[in-house]
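> My questions will all concern the structure given below.
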Amino acid sequence: MGTIVERPRKDGSSAFLAQISIMRDGKNVFRQSKTFDRRPAATAWIKKRETDLAKPGRLTRARTGKASATLADAIDRYIGESRRQIGKTKAQVLRKIKEFDIASMRCDQIGSQDIVTFAKAIGETVMPQTVGNYMAHLGAVFATARPAWGYPLDQQAMADAVKVAKSLGLTSKSRERNRRPTLAELDALMRHFTRINLRRPKSLPMPTIVAFAIFSTRRQEEITRLRWNDLDEVASRTWVRDMKTPGDKIGNDVLCDLPAEALRIARLMPRDAQEIFPFGASAISAAFTRACKFLQIQDLHFHDLRHDGVSRLFELGKSIPQVAAISGHRSWSSLKRYTHLRQTGDKYAHWPWLDSIAPQ
């Protein structure tokens, strides 16, 4: 017999959880649920699913299929059916998990010991902070698979494994990264990218992108999503669509102030596309990584440009609220780690590359 439970969402709308529960001899032998935006759709699904399960052999096949499903099956369904964009990094992590022995195990056979064994295995090649990320993403699959699709993954086993992994030192919190590019390193990068642009005029304008990343404090994916119609040149600010947050990013649109240097760079970009920087984030990342490797610049990531830009704002004497209005940090507490900076003044006061890229 199917039931429908109406549940309120944070945005004020309602979700309708359709549930099917089949009893045999006083025992529940099959349970399945699915969430819909409209009650009629939930009703129609229950009717269609109950009719299908009533056919000879269908209930047995449905029960056997879920019981024999592997963790890899659950991961594939989680990636494939998530209505939210789970993000490139999370999808990559989940696909990587499928390479380990635990992925071939049946969902109903996976216990906390198996998960801890997986944590030890992945910990042989990555840092404890990264192991923690793997466990968090795997935990999301465990939390979703049973109530959403009926895959018998044990959430308590996952919770126990997380505690054990932490106590054994297999996982740890991410360390704060404080790497900033030196002016010498930036000079080498800008000269390198300029030479490439001279040889291949259609290649990415990396000098412009690097400079904009520093002065705007934007992440590489955010840079590629900036649009001309979101840019307010008079007020010197722009909407940053789907800004990354610890919980989510889809639909998290934030209006951010744009420092004068960043606006100056943006204005010089060609206006022949919707995006101000109509390039791929992965291509930008790959170009930056290749350049650092070629120039033998150690341990420098594109994201470090954002950190350098935020640090510069504090060095200019701006307050936490003023910096947050530019960087888009939702929580001011996350900016407190910058307040220890002792350097004052503008690191880029006489930086020749700004005038070279965006002459006044």
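Conditions tested, residue by residue: (1) outside any helix (DSSP H, G or I); (2) in contact with a His (Cβ under 9 Å, 6 or more places away or on another chain); (3) closer than 16 Å to residue 182 by Cα.
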position: 242; (1), (2), (3): yes, no, no
position: 256; (1), (2), (3): yes, no, no
position: 262; (1), (2), (3): no, no, no
position: 271; (1), (2), (3): yes, no, no
position: 290; (1), (2), (3): no, no, no
position: 294; (1), (2), (3): no, yes, no
position: 306; (1), (2), (3): no, no, yes
position: 326; (1), (2), (3): no, no, no
position: 337; (1), (2), (3): no, no, no
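> Restricting attention to the stretch 263-286, which residues are closer than 15 Å to residue 192 by Cα and surrounded by fewer than 19 Cβ atoms within 10 Å (Cβ to Cβ)?
286
> Run residue 344 past the list (1) under 24 Å from residue 244 (Cβ atoms); (2) polar (S, T, N, Q); (3) touching a helix residue (DSSP H, G or I) at 6+ places or on another chain (Cβ under 8 Å) and report the number of the one that doesn't hold.
Every condition holds for residue 344 apart from (1).
> Whether any residue in the stretch 313-320 is surrounded by 12 or more Cβ atoms within 10 Å (Cβ to Cβ), closer than 19 Å to residue 226 by Cα and in the same structural domain as residue 222 (by TED's automatic domain parsing) is what I want to check.
Within the stretch 313-320 (the criterion being surrounded by 12 or more Cβ atoms within 10 Å (Cβ to Cβ), closer than 19 Å to residue 226 by Cα and in the same structural domain as residue 222 (by TED's automatic domain parsing)), the answer is no, since none of the residues qualifies.
> Return only the number of the condition from (1) within 28 Å of the chain's Cα centre (by Cα); (2) at pLDDT 95 or above that residue 219 does not satisfy.
Evaluating residue 219 over (1) within 28 Å of the chain's Cα centre (by Cα); (2) at pLDDT 95 or above leaves (2) as the failure.
> Criterion first (farther than 20 Å from residue 183 by Cβ, touching a residue at least 40 places away in the same chain (Cβ under 8 Å), within 25 Å of the chain's Cα centre (by Cα) and not in a helix (DSSP H, G or I)) does residue 330 satisfy it?
Yes, satisfied.
> Condition first: outside any loop (DSSP other than H, G, I, E, B) and either more than 30 Å from residue 307 (Cβ to Cβ) or touching a Cys at 6+ places or on another chain (Cβ under 6 Å) (or both). Now tell me which residues in the stretch 151-207 satisfy that.
155, 156, 157, 158, 159, 160, 161, 163, 164, 167, 199, listed by residue number.
> State which residue pairs qualify: first residue surrounded by 14 or more Cβ atoms within 10 Å (Cβ to Cβ) and inside the stretch 1-29, second residue modelled with pLDDT under 80 and assigned to a loop (DSSP other than H, G, I, E, B) in any location, beta carbons under 6 Å apart, and separation of 6 or more residues or different chains.
Matching pairs, first to second residue: 15/9.
> Sort through 211, 184 and tell me the only one that's closer than 25 Å to residue 296 by Cα, out of contact with any Pro (no Cβ under 6 Å at 6 or more places or on another chain) and surrounded by 23 or more Cβ atoms within 10 Å (Cβ to Cβ).
After ruling out the rest, the residue left standing is 211.
> Looking at 146, 175, 83, can you tell me which residue is out of contact with any Lys or Arg (no Cβ under 7 Å at 6 or more places or on another chain), at pLDDT below 90 and surrounded by 17 or more Cβ atoms within 10 Å (Cβ to Cβ)?
146
> With respect to residue 88, is the statement that it is under 21 Å from residue 133 (Cα atoms), at pLDDT below 85 and either surrounded by fewer than 16 Cβ atoms within 10 Å (Cβ to Cβ) or outside the structural domain of residue 145 (by TED's automatic domain parsing) (or both) true?
Criteria met by residue 88.
> Here's something else I'd like to know. Could you list, in sequence order, all residues of the stretch 214-230 that are among the hydrophobic types (A, V, I, L, M, F, W, C) and buried (at least 18 other Cβ atoms within 10 Å of the Cβ)?
Passing the criteria: 214, 215, 223, 226.
The values are calculated or read from the model by the stated rules, or taken from the named source; none is laboratory data. Quick caveat, the model's predicted, so the values are computed rather than measured. Ideal geometry is used to build each Cβ from the backbone, glycine not excepted, and the neighbour counts take in all protein chains shown.
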